[in-house]
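Handing you a structure now.
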Amino acid sequence: MPPVQPPGPGPVLDRLALACDDAVDGLLDAMPMAGDRALQGALDDYLDALMDALRMLAAVGREASAALPVSQRRVALSEPLPSGGPERERSRSW
Amino acid sequence: MVRASSDPASLSATASALRTLAAHLTAAAEDLRAPIEGPRLSAAQRRHVQEVCRAAADLARLAQHGGDLLNHTAYRQAREAHDIRSLEDRATASGLVRGEGGYGLAPGISGVAVPAVVAGRAEALAHAQSRVDELVAARQTADAAFIEKLRDLTAAATRVADALR
């Protein structure tokens, strides 16, 4: 039986980009009310900066994924995940 | 005294979303660390993936800190609202009313001028006003710390985004 190779980063990068997109959508839908103008302004600035960074991360993640060799992406997507115990499997289900 | 525009439940919900995001980013960063050492990627590809991995880990920390901060603030604001309601209930029971400038004695004749009753009401008034001052001061300190921490997190998130551009 051939040894199971670890998946390439392609699927991880793709999932990461999707998770960033979802997070941005979720934060856009959220309406946290912190109180007076100063508090609200600081909170809005933080969330805006975080969403901006998430959009960038999604874009760079997709770019990095697209730059990978096609064969590696195909192998990574078709091969089973290496067995790493429940903790590892859970971390891959995000 | 009460924050008209604050909503601790909305802060708590956002905190929960940020913590979930932090978990996803942390998992992604961990997964990306594994294949980087593999021989199948070129140096340029490995660097690209490492860059994403670092940014994901950094943003995970920022989202986690933001979530913790919002959760703490939600709890604090809920506690403040409770403390204020308790104070108002006690003040009302003591015959005090709350006005623009704080607590005062209820207007009109409230009974015979028994010295002990008058003194008790004056004491309640002093206590209520002192407690209000205490709550306001504590809130201002906590609010200032909240703003400062958020500004730090904002600056850090901006740095991550700039590094990725």
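With unit charges on the beta carbons (Lys and Arg positive, Asp and Glu negative) and the dipole taken about the Cα centre of chain B, which residue among B:ILE147, B:THR26, B:ALA43 sits farthest to the positive side?
Checking the options against the dipole of chain B, the answer is B:ALA43.
Output the 0 to 90 degree angle, nearest 10, between the alpha-carbon long axis of helix B:115-164 and the longest principal axis computed from the alpha carbons of chain B.
10
Here's a follow-up. Pop a pseudo-label 7 angstrom from the Cα along the beta-carbon direction at both B:GLU123 and B:VAL136 and give the gap in nm to one decimal.
Going from the B:GLU123 label point to the B:VAL136 one covers 2.5 nm.
Next question. Output wanted: per-residue J couplings in Hz (rounded whole) for segment A:13-24, from phi through Karplus 6.51 cos²θ - 1.76 cosθ + 1.60, θ = phi - 60°, x for Gly and Pro.
Values, residue by residue: 5, 5, 5, 4, 4, 5, 5, 5, 4, 4, 5, 4 Hz.
May I pose another question? If you line up the long axis of helix B:8-36 against the longest principal axis of chain B, both from Cα atoms, how many degrees apart are they, to the nearest 10?
Once rounded, one gets 20 degrees.
Taking Cα atoms, how many degrees apart are the long axis of helix B:43-93 and the longest axis of chain B, rounded to 10 and kept between 0 and 90?
In chain B, helix B:43-93 runs at an angle near 10 degrees to the longest axis.
Summing Lys, Arg as +1 and Asp, Glu as -1, what charge do residues with Cβ under 11 Å from the Cβ of B:GLU88 carry, B:GLU88 excluded?
Details: positive: B:ARG85, B:ARG90, B:ARG98, B:ARG131; negative: B:ASP83, B:ASP89.
So the environment of B:GLU88 carries a net charge of +2.
Related question: Among B:SER5, B:ALA156, B:SER94, which residue has its Cα furthest toward the positive end of the charge dipole of chain B, with +1 on Lys/Arg Cβ and -1 on Asp/Glu Cβ?
Going by the charge dipole, the pick is B:ALA156.
Still on this structure: For segment B:54-116, build the charge dipole from Cβ charges (+1 Lys, Arg; -1 Asp, Glu) around the Cα centre, then report which of B:LEU69, B:ALA113, B:LEU59 sits farthest towards its positive end.
B:LEU59
Just flag the GluC sites (Glu not before Pro) in segment B:91-165 sitting in loop per DSSP whose Cβ has no more than 13 other Cβ atoms within 10 Å. Walk me through the numbers on the way to the answer.
Numbers: sites: B:GLU100, B:GLU123, B:GLU134, B:GLU148; in loops: B:GLU100.
Here the sparse-neighbourhood loop sites are B:GLU100.
Throughout, read-outs are computed from the coordinates displayed, never taken from laboratory work. As the structure is a prediction and not an experimental result, all values here were calculated from the model. So basically every Cβ, Gly included, is an ideal-geometry build from the backbone, and we count neighbours across all protein chains shown.
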